[in-house]
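Only one structure is covered here, and it is reproduced in the block below.
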Amino acid sequence: MSRDPCPCLQSKAQAASCPGCPSTPCAEASGILNVNKPEGWTSHDVVARVRRLTRQRRVGHAGTLDPFATGVLLVCLGQATRVSEYLMAARKLYRARVRFGAATDTYDATGRVTLQTEHIPESREAIEEILPRFTGRILQTPPAYSALKLEGEPAYRRARRGEAVEQAPRPVEIYALRLCSWAPPDLEIEVLCGKGTYIRSLAHDLGRAAGSAAHLVALERRAVGAFTLDDAVSLPELESRVEEGRWRDLLYPLDEALLHYPALVVSADDVSRLLNGQPIAAATVVAGVLHRAYGPDGAFIALVEGDPSAGIWRPHKVFIPCA
């Protein structure tokens, strides 16, 4: 659900004199922007473009997409940059196209071919037989060309220098893996996965499991948690909204990233305590699960963690309510 825009945005003359209006450089906006990243742009490019268009200082993204990939890129503004870690932990849905017959050093179409073979899977059924090996909790080796750090340096820098890159397998979770189409040599799959999963590695590993070779040729991120591609805004649309002075109505409240946590309502006095970093007393306190705390007016105040032995909620992360 998007927030209502500042009423002064209906008039550029009013906006120029409104201290709380996000169209002025000094007014910080807080929220999550669901952007449909275009092909050829880095995630940093998108963040820089959003920063320039909105004239906001605190802007960051919640999960990198490779330049050739498209789809959902969540851009966090203002206080929402402090919830990016929760967005990055959310499940992600991808649509990928894998091409059999060749492997590359980057595991995608941008890399150098390292292996070619005429052997590809004989049928759709042959592919479906191997897919269960890649569902559930599995060990996956990241690509040599990745941002993961080795002794403090991104692996891709070493790979570009021609150095051997040894990546240790890591546990990842693939919740669902569905075959969408098989038009040899191209396979289209839909992947629902957890944090840290490399679809490039999945493509490479599918090729090896099939006794062939494969690499990723197209990737679209269709969802991050509850944020879907159908609801994403293109950069041209964002630019138009900025020109009209209506870009803020595209922002989702920052607590949209936290809806999987239970909610509780606290008193006005407790709001003041939380905003000052102080714990609050409560008759019922639950341990082990963060809770969203809201004031009596419905404003999101903080993430709190329970301490049942003391009968209190302690502030975990505090957010200043929008005026």
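The values are calculated or read from the model by the stated rules, or taken from the named source; none is laboratory data. All figures in this text were calculated on a predicted structure; none of them were measured in a lab. Positions of Cβ are backbone-derived with ideal geometry, glycine not excepted, and every protein chain shown enters the neighbour counts. We work out accessible area using only protein heavy atoms, side chains counted, and drop any ligands, DNA or RNA first. Shrake-Rupley method; radii C 1.70, N 1.55, O 1.52, S 1.80 Å.
Can you tell me which residue among G101, G71 is of a type in the set (G, A, S), closer than 25 Å to S181 by Cβ, buried (at least 22 other Cβ atoms within 10 Å of the Cβ) and modelled with pLDDT of 95 or more?
Values: G101 fails: buried (at least 22 other Cβ atoms within 10 Å of the Cβ).
The match here is G71.
Can you tell me which residues in the stretch 296-323 are open to solvent by 60 Å² or more (accessible area, probe 1.4 Å), touching a helix residue (DSSP H, G or I) at 6+ places or on another chain (Cβ under 8 Å) and among the aliphatic types (A, V, I, L, M)? Matches in the stretch 296-323: I320 only. Looking only at the stretch 50-59, decide whether some residue is part of a loop (DSSP other than H, G, I, E, B) and in contact (Cβ under 8 Å) with a residue 60 or more places away in the chain. No, because not a single residue in the stretch 50-59 is part of a loop (DSSP other than H, G, I, E, B) and in contact (Cβ under 8 Å) with a residue 60 or more places away in the chain. Residues in the stretch 194-226 that are touching a helix residue (DSSP H, G or I) at 6+ places or on another chain (Cβ under 8 Å) and closer than 10 Å to L93 by Cα: E220, R221, R222, A223, V224, G225. On the stretch given as the stretch 261-278, residues that are under 12 Å from L303 (Cα atoms), assigned to a loop (DSSP other than H, G, I, E, B) and open to solvent by 60 Å² or more (accessible area, probe 1.4 Å) total 0. Out of curiosity, is T64 touching a residue at least 40 places away in the same chain (Cβ under 8 Å) and open to solvent by less than 10 Å² (accessible area, probe 1.4 Å)? Judged against the criteria, T64 is not a match. Tallying residues that are of a type in the set (S, T, N, Q) and farther than 18 Å from D205 by Cβ within the stretch 114-161 yields 1. For the stretch 177-194, the set of residues classified as exposed (fewer than 13 other Cβ atoms within 10 Å of the Cβ) and either among the hydrophobic types (A, V, I, L, M, F, W, C) or touching a residue at least 12 places away in the same chain (Cβ under 8 Å) (or both) consists of C180, A183, listed by residue number.
Out of all the residues in the stretch 110-149, which are surrounded by 14 or more Cβ atoms within 10 Å (Cβ to Cβ) and within 23 Å of the chain's Cα centre (by Cα)? T110, F134, T135, I138, Q140, T141, P142, P143, A144, Y145, S146, L148 - these are the residues of the stretch 110-149 that are surrounded by 14 or more Cβ atoms within 10 Å (Cβ to Cβ) and within 23 Å of the chain's Cα centre (by Cα).
The residues listed here are L219, L250, L238; of these, the one that is out of contact with any Cys (no Cβ under 7 Å at 6 or more places or on another chain), under 30 Å from E129 (Cα atoms) and open to solvent by less than 40 Å² (accessible area, probe 1.4 Å) is L219.
Can you pull out the residues in the stretch 280-295 that are surrounded by fewer than 14 Cβ atoms within 10 Å (Cβ to Cβ) and in a strand (DSSP E or B)?
First, the residues of the stretch 280-295 that are surrounded by fewer than 14 Cβ atoms within 10 Å (Cβ to Cβ): 281, 283-284, 287-289.
A281, the sole residue that qualifies.
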